[in-house]
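Here, each number is a calculation from the coordinates, and none is a lab measurement. A quick note: this is a predicted structure, and the numbers were derived from the prediction, not measured. For neighbour counting, all protein chains shown are included, and Cβ atoms are generated from backbone atoms with ideal geometry for every residue, glycine included.
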Amino acid sequence: MNKAVSRATFDQVMVQTYSPAGFIPVRGAGSRVWDQDGREFIDFAGGIAVNALGHCHPELQAALAEQAGKLWHVSNVFTNEPVLRLASLLTELTFADRAFFCNSGAEANEAALKLARKVARDRFGLDKHRIVACANSFHGRTLFTVSVGGQAKYSQDFAPLPAAIAHVPYNDITALERMVDDHTCAVIIEPIQGEGGVVAADPAYLARARALCDQHGALLIFDEVQTGVGRTGSLYAYMQTGVVPDILTSAKSLGGGFPIGAMLTTNAIAEHFTPGTHGTTYGGNPLASAVALRVLEIVSRPEVLAGVGTRHARFVAGLTALGDKYGIFKDIRGKGLLLGCELQGKLEGAARDVLLAAEAEGLMVLQAGPGVVRLAPALVIEDQDIDEGLARLDRALARIA
Ligand SMILES: *Cc1c(COP(=O)(O)O)cnc(C)c1O
């Protein structure tokens with residue numbers, strides 16, 4: 001039963017929560033993707049900062065195939081070897097002592113926020129439950145995480161929303177000082193706002209958040225779902241800031257394309273989650289864990305992390321030249337291989353047009369809001385693919401700029 005399907009099928013049988021591109025990818029290798037008609041695309045989107053090692057990386061294929069022949073799933077009624085190896089490596093490589101696994105970034109944040117509420121209740125009683133989050137932030141699509149996220153358009157249709165959540169402008173130290181008090185149970189921050197336009201936190205802002213949390217007995221949560229696993233050139237973005245969170249959430253690149261999420265924390269905080277307090281059927285299953293373990297082993301190699309910096313420089317040089325040529329980039333920003341080009345002039349607010357023009361030239365890119373073109377390619381993208389993709393972006397911009 002291999003019925004022919006096309007882009008039109010999407011409009012007939014899928015819930016229309018997305019409006020995907022006009023072509024259907026059927027195969028990928030490295031940073032190239034082919035559609036149903038055999039047309040080739042350069043991938044600067046990386047599955048939204050997920051495909052850290054590109055498509056069908058041979059070592060990930062081997063890890064998945066090997067585990068697929070052994071054991072797929074047993075539930076958390078039983079533990080398994082891959083998840084224990086993965087947790088051991090994550091705790092070895094980060095500040096954390098312990099890991100909780102789930103299947104997505106939203107679930108990792110859901111676990112973090114629930115844990116923060118429980119820690120505050122256990123330590124201080126009922127009157128310490130406010131979560132302080134940033135305007136324009138993105139933390140996922142469950143009801144709790146859209147409510148904590150700072151974009152009302154994602155939450156307003158689903159009210160009544162969870163209570164005791166406050167938003168402050170990102171990077172505004174004074175606003176944070178005014179908001180965080182003894183009723184605060186947690187402050188949650190993306191070290192770089194990804195969906196919110198590729199905007200990095202000032203190290204001084206993060207340091208102040210750390211100090212305020214310490215002063216008021218609140219937990220500092222870093223949402224590294226988008227910035228984690230090598231994306232910014234260090235294994236996690238916090239490692240470049242000098243600020244260590246109490247809880248860190250990871251997903252996207254962690255699985256390199258296989259769904260997995262993780263919440264990392266310390267012994268003292270983790271002990272507030274005891275058997276039965278939180279859980280998930282699939283979380284940390286052997287297939288996802290085996291793939292994530294291999295992703296982590298590869299990405300944490302010094303040459304892979306160093307390669308992110310050299311590729312960053314190559315992208316920024318190419319993008320700067322395009323910006324100068326067409327006068328359409330107000331700002332080129334981001335760290336490592338999470339890059340944002342803010343549009344101006346004729347293309348102000350027209351990121352969607354850039355995506356469509358890029359598609360027509362055989363290039364996959366992302367947007368971060370209406371005004372920013374976002375790139376989140378594989379951490380190991382080849383120089384020739386960067387150059388060819390930038391040439392295609394040049395032709396795409398020539399169409400519309
Ligand atoms: C993508 C993202 C999420 C949500 O992850 P899902 O896997 O889609 O649930 C949460 N936080 C940040 C910062 C993200 O970029």
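Overview of results
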{"quantity": "Burial ranking of peptide ranges 374-383, 135-144 (average Cβ count within 10 Å, highest at the top)", "calculated": "374-383, 135-144"}
{"quantity": "Nearest 10 degrees, 0 to 90: helix 105-124 Cα axis against the chain principal axis", "calculated": "20 degrees"}
{"quantity": "Long-range HN-HN contacts of N136 with modeled amide H, under 5 Å", "calculated": "G150, Q151"}
{"quantity": "Which listed pairs, of K153/K325; K252/K335; K114/K335, have C-alpha distances above 25 Å, in listed order", "calculated": "K153/K325; K114/K335"}
{"quantity": "Residue among E342, E92, E107 with the largest mean-square fluctuation in a Gaussian network model of the chain, springs linking Cα atoms under 10 Å", "calculated": "E92"}
{"quantity": "Likely footprinting exposure, T280, T265, T17, fewest C-beta neighbours within 10 Å first", "calculated": "T17, T280, T265"}
{"quantity": "Environment charge at I381 (Cβ cut-off 12 Å; Lys +1, Arg +1, Asp -1, Glu -1)", "calculated": "-3"}
{"quantity": "For the range 251-260, Karplus couplings with θ = phi - 60° (6.51, -1.76, 1.60), whole Hz, Gly/Pro x", "calculated": "6, 5, 4, 4, x, x, x, 9, x, 7"}
{"quantity": "Taking S6, S31 and counting other C-beta atoms within 10 Å, the order from fewest to most", "calculated": "S6, S31"}
{"quantity": "Theoretical ellipticity at 222 nm over the chain - DSSP helices of four or more residues, -39500 (n - 2.57) apiece, nearest 500", "calculated": "-12000 deg cm²/dmol"}
{"quantity": "Vicinal HN-Hα couplings computed from phi for the range 162-168 (Karplus, 6.51 cos²θ - 1.76 cosθ + 1.60; Hz; Gly/Pro x)", "calculated": "x, 8, 6, 10, 10, 10, 10"}
{"quantity": "Folded to 0 to 90 degrees: helix 351-360 orientation relative to the chain principal axis, Cα", "calculated": "50 degrees"}
{"quantity": "Burial ordering of M263, M239, M14, M364, fewest other beta-carbon atoms within 10 Å first", "calculated": "M14, M239, M364, M263"}
{"quantity": "Hits among aspartates and glutamates - C-alpha to C-alpha of K3 under 18 Å, sequence gap 8 or more where chains match", "calculated": "D11, D35, D37"}
{"quantity": "Nearest-ten-degree value, helix 58-68 long axis tilted from longest Cα axis of the chain", "calculated": "50 degrees"}
{"quantity": "Spin-label pair R395/A204, simplified geometry with 7 Å Cα→Cβ offset, distance in nm", "calculated": "4.7 nm"}
{"quantity": "Cβ-derived FRET efficiency at R0 35 Å, A68 paired with A152, nearest 0.05", "calculated": "0.25"}
